[in-house]
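The values are calculated or read from the model by the stated rules, or taken from the named source; none is laboratory data. Predicted model, so just to flag it, every value in this text is computed and none were measured. When we count neighbours, we look across all protein chains shown, and the Cβ atoms used for this are built from the backbone with ideal geometry, even at glycine.
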Amino acid sequence: MADEKDNLDDLRQQVDDVDARLQKLLMERASIVERIAGHKGKGPVTRPGREAQVLRRIVERHSGSFPLRGMLRIWREIISSSSLIQGHFDVAYFCGDVGPILRSITRDHYGTLAGLIPCGSAAQVLQHVSESPHVIGVLPFPQLEEQDSWWQALARSGSDVPKIIARLPFGSMASGEDKVEALAISRVKPEASGEDTSFLVVETHEQISRSGLRDLLQKAGLEVLSLRSYLESGGSTLSLLEVEGFVTEADKAFDALNALEDSRIGQCWFLGAAAVPLTANAIEKKPAGKGKQK
């Protein structure tokens, strides 16, 4: 029994030693982040595209018995705390019908230290984000045929117009929970992560079927994943499209879309882009001991 206790005490000491090394590495990481902040100056404190890349690498490297979902949650806290080292930011979220779930998704993604601003309407979220580059907004993912949706406010030009920068949850929601998705918006420019979808709004002046609109977009080199919503506006129809890849106003496909010689197509706007989230199945089915071999 004494030998067993000594062995158990030794194992616990090994755990304590690992904890000390982990803490030291996190403090070292924070020191590097401070140096990064010095180089960036007044640049954005959040980098959604890079954050997605970091989490994907966590999944690729993972092996052993530690739950991958827990590992991702830990890294989300590390990422969010590192962002706060570089500068303060708040997150305004819509607390309507799905408010409690949306708050949980927001907190999971942006960490326990981020300041949350509950908003009773999407318009309030948009106002907070439009007024400050240090506020991120979280809004429900637009639903099919939804009327008077918040995304219409993004279909305009201007440096202060918020853009979609992330899709939530990225990978922390357990399967079986209510399926609620959200989009994060910010005045920070979206950035590519290597596996993304983009959001565009296309104005049409005449009645056109969804399949017809898809065909026109395909001619411009755009692969439409979904047409989430339609909204009548001044006699024209605004269509919110999710397309494959990272497609901005500077993309050739966007130029081709604007150059279509079709009287039914009016203005086009780039609303932003988001990294494709990790799926619950991909996380839960990651086999123990099957991490990427070095």
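For Phe254, state whether it is of a type outside the set (Gly, Ala, Ser), in contact with a Phe, Trp or Tyr (Cβ under 8 Å, 6 or more places away or on another chain) and outside any strand (DSSP E or B).
Yes.
With the condition kept exactly as written, say whether any residue in region 163-186 is at pLDDT below 85, touching a helix residue (DSSP H, G or I) at 6+ places or on another chain (Cβ under 8 Å) and of a type in the set (S, T, N, Q).
yes
Condition check: of a type in the set (Val, Ile, Thr), in a helix (DSSP H, G or I) and either within 18 Å of Ile136 (Cβ to Cβ) or in contact with a Ser or Thr (Cβ under 9 Å, 6 or more places away or on another chain) (or both). Does Val18 satisfy that?
no
Return a yes/no flag: does region 10-23 have any residue that is within 30 Å of Leu183 (Cα to Cα) and hydrophobic (A, V, I, L, M, F, W, C).
No, because not a single residue in region 10-23 is within 30 Å of Leu183 (Cα to Cα) and hydrophobic (A, V, I, L, M, F, W, C).
Take the conditions farther than 18 Å from Gly87 by Cα and either at pLDDT below 90 or not in a helix (DSSP H, G or I) (or both) and apply them to Asp6. Does it pass?
Considered against the rule, which asks whether it is farther than 18 Å from Gly87 by Cα and either at pLDDT below 90 or not in a helix (DSSP H, G or I) (or both), Asp6 comes out as yes.
Give all pairs with beta carbons closer than 6 Å in which a residue from region 198-216 that is within 27 Å of Ile165 (Cβ to Cβ) meets a residue that is of a type in the set (Val, Ile, Thr) and surrounded by 12 or more Cβ atoms within 10 Å (Cβ to Cβ); count only pairs at least 6 apart in sequence or on separate chains.
Cβ pairs passing all conditions: Ser198/Val243; Ser198/Val247; Phe199/Ile164; Thr204/Thr237; Arg214/Val224.
Suppose we filter Leu241, Leu260, Leu216, Leu222 for residues that are in a helix (DSSP H, G or I) and either outside the structural domain of Arg50 (by TED's automatic domain parsing) or buried (at least 16 other Cβ atoms within 10 Å of the Cβ) (or both); which single one remains?
After ruling out the rest, the residue left standing is Leu216.
Report whether or not Ile58 is in contact (Cβ under 8 Å) with a residue 12 or more places away in the chain, closer than 22 Å to Gly43 by Cβ and under 19 Å from the mean Cα position of the chain (by Cα).
no
All but one of (1) in contact (Cβ under 8 Å) with a residue 40 or more places away in the chain; (2) in contact with a helix residue (DSSP H, G or I) (Cβ under 9 Å, 6 or more places away or on another chain); (3) within 23 Å of Glu77 (Cα to Cα) hold for Leu113; which doesn't?
Result: Leu113 passes all but (1).
Being over 23 Å from Pro162 (Cα atoms) and not hydrophobic (A, V, I, L, M, F, W, C) is true for just one of Ser121, Ser83, Ser63, Ser104. Which residue is that?
That would be Ser63, the only listed residue that is over 23 Å from Pro162 (Cα atoms) and not hydrophobic (A, V, I, L, M, F, W, C).
Could you grab me the full set of residues in region 241-271 that are over 17 Å from Glu195 (Cα atoms), aromatic (Phe, Trp, Tyr) and at pLDDT 80 or above?
Residues satisfying the conditions are Trp269, Phe270.
Which condition does Ser81 not pass, out of (1) at pLDDT 95 or above; (2) touching a Pro at 6+ places or on another chain (Cβ under 9 Å), if it passes all the others?
The one condition Ser81 does not meet is (2).
Of all residues being assigned to a loop (DSSP other than H, G, I, E, B) and at pLDDT below 85 in region 92-106, which is surrounded by the fewest Cβ atoms within 10 Å (Cβ to Cβ)? Just the residue, please.
Asp97
Just to verify a result, which residue in region 21-52, among those that are β-branched (Val, Ile, Thr) and more than 20 Å from Ser132 (Cβ to Cβ), is modelled with the lowest pLDDT?
Checked region 21-52; the qualifying residue modelled with the lowest pLDDT is Ile36.
Go through region 272-288 and count every residue that is outside any helix (DSSP H, G or I) and at pLDDT below 80.
Of the residues in that region, 4 qualify.
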